[in-house]
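Enquirer: Questions regarding the structure given below will be posed in turn.
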Amino acid sequence: FASPNVELKDKVDIAYNYMRFYAKDTARFNKIDTLVKILINKYPTNVKSYTLASDFYSQKKDYKTAKKYLLKAKTMDKS
């Protein structure tokens, strides 16, 4: 996920697929947190990393963190 040779769109697609695949496997699902953090650190100015984070934390039922990332995404892109 830190590789510059893979497009952000592809990384986000992979993360969403992991989220769907591991939705019922809590231990594996929680490990996606690492991928989300890598994307936010690697792409701090791209709204896609923040919307992914918001979706992930929302599915994890960590609504406070999800809201934080959603508000950040909203400040970056009003649409």
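The values are calculated or read from the model by the stated rules, or taken from the named source; none is laboratory data. In this text the structure is predicted, and so the values were computed from the model without any measurement. Accessible surface is based on the protein model in full, side chains and every heavy atom, while ligands, DNA and RNA are left aside. Shrake-Rupley method; radii C 1.70, N 1.55, O 1.52, S 1.80 Å.
Enquirer: State the percentage of accessible surface on the chain attributable to carbon and sulfur atoms; use a 1.4 Å probe and exclude ligands, DNA and RNA.
Expert: 53 percent
Enquirer: Below 8 Å, C-alpha to C-alpha, sequence gap of six or more: please give me the relative contact order for the chain in percent.
Expert: Dividing the mean separation by the residue count of the chain yields 25 percent.
Enquirer: List the aspartates and glutamates whose alpha-carbon lies under 17 Å from that of residue 24, not counting same-chain residues fewer than 8 positions away?
Expert: 33, 55, 62
Enquirer: At 1.4 Å probe size, with every protein chain present, just tell me what the per residue accessible area of the range 11-61 comes to in Å².
Expert: That works out to 60 Å² for each residue.
Enquirer: Report the percentage of all Cα-Cα pairs in the chain whose separation exceeds 20 Å, rounded to a whole percent.
Expert: For the chain, the share of Cα pairs beyond 20 Å comes to 26 percent.
Enquirer: If the limit is 20 Å between Cα atoms, which of 31/72; 11/64; 42/64; 9/68; 9/42 go over it?
Expert: Violating the 20 Å limit, Cα to Cα: 31/72; 11/64; 42/64; 9/68.
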